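S.K.: Provided herewith is a single structure, encoded as structure tokens, for subsequent inquiry.
The values are calculated or read from the model by the stated rules, or taken from the named source; none is laboratory data. Everything numeric in this text was worked out from a predicted model, so none of it was measured. Heads up, the Cβs are rebuilt from the backbone with ideal geometry, glycines too, and the neighbour counts pull from every protein chain shown.
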Amino acid sequence: MSVGVVTVQGLSHAYQGVDALLDVSFAVEKGSYVGIVGPNGSGKSTLVRCILGLARPDRGRVDLFGTPLASFDQWQRVGYLPQGLQHFNPHFPATVAEVVGLGLLANRSFPRRVHREDAGAVGRALELMGIGGIRNRLIGELSGGLRQRVLLARAMVNGPELLVLDEPTTALDPETREIFYRTIQELNRERKTTIILVTHDSGTIGRYASSLLYLDKRLVFYGGFDDFCGSPEMGDFFGSHSQHLICHRHQDGAPR
Ligand SMILES: Nc1ncnc2c1ncn2[C@@H]1O[C@H](COP(=O)(O)OP(=O)(O)OP(=O)(O)O)[C@@H](O)[C@H]1O
């Protein structure tokens, strides 16, 4: 039997009485690559924040690796790349290696320090992302694509089994975006890292993810991209022309 990495049951969340999530239920199995899509304000970030315990749902339940969130304490098994982290001041006084090393602190009790022996883990994460050669550069001096690789290395430094990425490609040009998606796909295929990735681009993510989760406060669709393309509900939702455009790009596109 496959192992549930994330199980969400009946999740609802409102901000000051305004619903952001309504009765959302789904399960993510080990080794899946789930793309979360939906319009602006449809609750995507709120959903991942509830999954990670960063927002408290009004109703419902989240289990991580079979453990209720309230008692889950194995955060080294989870990597998170939040939305909008890529904007660094060019003079931000931290090197690439230092930024990646901060990822080791998530599961450490006080005093939280990076130790000398952590260099090995940092080096491995940098090599995994193909950025070992820039370890001493200042993070603020890098291009958007390299910066995003550094932040991904930071999320990967503990060797997480689950990686949650919230709109990681918004600041990237189309070519760098494809490279980034391919990197995530390799992590999924070769290391069997379970991926949950929030994006606005249903067409592109459909080429890489094993499942799409379409959210509009409620869960509208959860399944494979081919089913998404054939789904009459999604046709009603987008209008058949838009659905065709999304799915047509997929058929033209990259390997899965
Ligand atoms: N801290 C907050 N306080 C009040 N309202 C919030 C807060 N965070 C989000 N919201 C509202 O909750 C709704 C869902 O927001 P959320 O950021 O989860 O959506 P999203 O699908 O990730 O949006 P986007 O695609 O624009 O990033 C939106 O209407 C948003 O304005």
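S.K.: Go through (1) part of a helix (DSSP H, G or I); (2) on the phi > 0 side of the Ramachandran plot for residue 177 and report which single condition fails.
M.R.: Only one criterion is unmet by residue 177, namely (2).
S.K.: Scanning for something touching a helix residue (DSSP H, G or I) at 6+ places or on another chain (Cβ under 7 Å), modelled with pLDDT under 90 and of a type in the set (S, T, N, Q), does the range 136-146 turn up at least one residue?
M.R.: No, the range 136-146 contains no residue that is touching a helix residue (DSSP H, G or I) at 6+ places or on another chain (Cβ under 7 Å), modelled with pLDDT under 90 and of a type in the set (S, T, N, Q).
S.K.: Which is acidic (Asp, Glu), touching a His at 6+ places or on another chain (Cβ under 8 Å) and more than 21 Å from residue 4 (Cβ to Cβ), of 178, 167, 190, 186?
M.R.: Exactly one of 178, 167, 190, 186 is acidic (Asp, Glu), touching a His at 6+ places or on another chain (Cβ under 8 Å) and more than 21 Å from residue 4 (Cβ to Cβ), namely 167.
S.K.: Of the residues 45, 12, 32, 25, which single one is under 30 Å from residue 134 (Cβ atoms), among the hydroxyl-bearing types (Ser, Thr, Tyr) and in contact (Cβ under 8 Å) with a residue 24 or more places away in the chain?
M.R.: Numbers: 12 fails: under 30 Å from residue 134 (Cβ atoms); 32 fails: under 30 Å from residue 134 (Cβ atoms); 25 fails: under 30 Å from residue 134 (Cβ atoms).
Answer to the check: 45.
S.K.: Pairs under 7 Å by beta carbon, first residue under 16 Å from residue 183 (Cβ atoms) in the range 142-171, partner among the charged types (D, E, K, R) and more than 16 Å from the ligand (Cβ to nearest atom), six or more apart or different chains?
M.R.: Filtered contacts from the range 142-171: 160/77; 169/177.
S.K.: Within the range 198-206, does at least one residue satisfy the condition of being assigned to a strand (DSSP E or B), over 21 Å from residue 125 (Cα atoms) and either modelled with pLDDT under 90 or not acidic (Asp, Glu) (or both)?
M.R.: yes
S.K.: Residues being closer than 19 Å to residue 208 by Cβ, within 7 Å of the ligand (Cβ to nearest atom) and of a type in the set (Gly, Ala, Ser): count how many of those fall in the range 23-59.
M.R.: Result for the range 23-59: 1.
S.K.: So, residue 20, is that one assigned to a loop (DSSP other than H, G, I, E, B), surrounded by 15 or more Cβ atoms within 10 Å (Cβ to Cβ) and within 10 Å of the ligand (Cβ to nearest atom) or not?
M.R.: No, not satisfied.
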